[in-house]
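Every number in this text was worked out from the coordinates using simple rules, so none of it is lab data. Nothing here was measured: the structure is a model prediction, and the numbers come from that model. Cβ coordinates were reconstructed from backbone atoms using ideal geometry, including for glycine residues, and neighbour counts include every protein chain displayed.
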Amino acid sequence: MSNGFQPAELGFIVTLSSAGSLSGAARELGITTSAVSKRLSIIEARLGVPLVNRTTRRMSMTPEGDVLLEHARRILAEIAELDQLLGASKSAPKGQLRVNATLGFGRLHIAPAISRYVLRYPEVDVQLQLSVDPPALTDDQFDVCIRFGAPADTRVIARRLAPNRRLLCAAPAYLAKHGEPKTPLDLRRHNCISIRQGDEAYGLWRLYGGKEAERDAQGVKVRGNLATNDGEIAVNWALDGHGILMRAEWDIERYLETGRLVRVLPGYRTPDADIYAVYPQRQQLSARIRTFVGFLGETFERFKEPGENGNQG
C-alpha cells in the first residue's frame, strides 16, 4: 500500500473524520485525546502535509485530508469485500453498511426494515443517514441509497423495490365544507397543500386519466395558503382539514384505511416515482448489499401491484 499505510491507519482517519473532533475520536477508539493527537501527528509527519485543521472544539479535514479520506473509505470497503468474497461462508454478511434515504420514507419504512435486517444478520453494522436532498450518485459516502425514480446514471445499479403511486387526498371535513372536485381543473378553486421537494415544478400537479401515457398528462397550476418541504407536516395539515394534498400512497395508506383521509379524483393518476435501491456497480457482489437489497425487496413485497414480480430495475 502506498506511503506504507496499514488498514488500521486508514480506519483511524475515517473514524477521526466521522467523529468531528479529536476528543470524539478518542471516545470512539477508547484511547486518550493526546494519543489521538500523537497518532495523527505521526501520520502527518510521514506524509509531509497536514491532514486536519484543528480548532478548540471542532476540526475539519484539509484538502489533502479529504483526498486521503476518500481513498481510505474505498480501500477499506474493498478489503472488507475481499474478505467477504474469499470467506468460507457468503451467507453470513458482515462489516459496515452505509445507507441513505429520504426523511419521511426513511423514518417510516427503511429504519424499521434495518432493525429487522440486523436481527437476521447481526454481524453487519448499519449506519443510516436521512436527508432532504439525496446525495450525488458518485458520492462514496454511502453503499446503498433509496431513491424515488430510476436514475439515468449507468455507473450505478438500480433495483426497483416497489411502485410509488402518488394520490390526491383530503380530510372528509374539508370536502364536506368545500365540495369535492370532479375534474382536475376543479383543483384550481380549492386550497391545495404544496410540498417543495427536489427539482419538481412547484405548485404544478400533473394528472392523467385511466391508463393513458404520462405524456398525455394534464398540468394543473394549484394554489393554497400552506406549503412545506416536509411531507409529514403536509400530511398533518391535510388531516387537520386545511386542503387537498398530493402524497405517496406509502405515506397516507394508514389514513385512507381508517377514513381520516379520502381519495380525491380517484379516476386520475399522477406520474409515478417508483422506489429504487441504488448502489455502485463495483458493489454488486457485496454480500452486505446483496442481502440488504434483497431484504428490502421482501419487505416491500406488499406494495407490489397484482402481476408484478418485483425484478424490474
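List of remarks:
- Residues whose amide H lies under 5 Å from that of Arg223, counting only those 5 or more places away or on a different chain, are Cys192; hydrogens are built 1.01 Å from N in the peptide plane.
- Global form of segment 31-72, assessed from the alpha-carbon gyration tensor, a/c cut-off 1.5: oblate
- Put simply, when 15-22, 251-258 are sorted by average Cβ atoms within 10 angstrom per residue, most first, you get 15-22, 251-258.
- Placed amide H near Gln96: partners under 5 Å, 5+ positions off or other chain: Asp125
- The listed peptides 163-170, 228-235, ordered by packing as a protection proxy, come out as 163-170, 228-235 (highest mean of other Cβ atoms within 10 Å first).
- Other-chain or far-sequence residues with amide H under 5 Å of Met61's (modelled H): Asn53
- Cα-centre dipole for segment 99-165 with unit charges at Cβ (Lys and Arg positive, Asp and Glu negative), debye to 20: 460
- Look at the dipole of segment 14-82 built from charges on Cβ: of Ser21, Ala77, Thr62, the Cα furthest out on the positive end belongs to Ser21.
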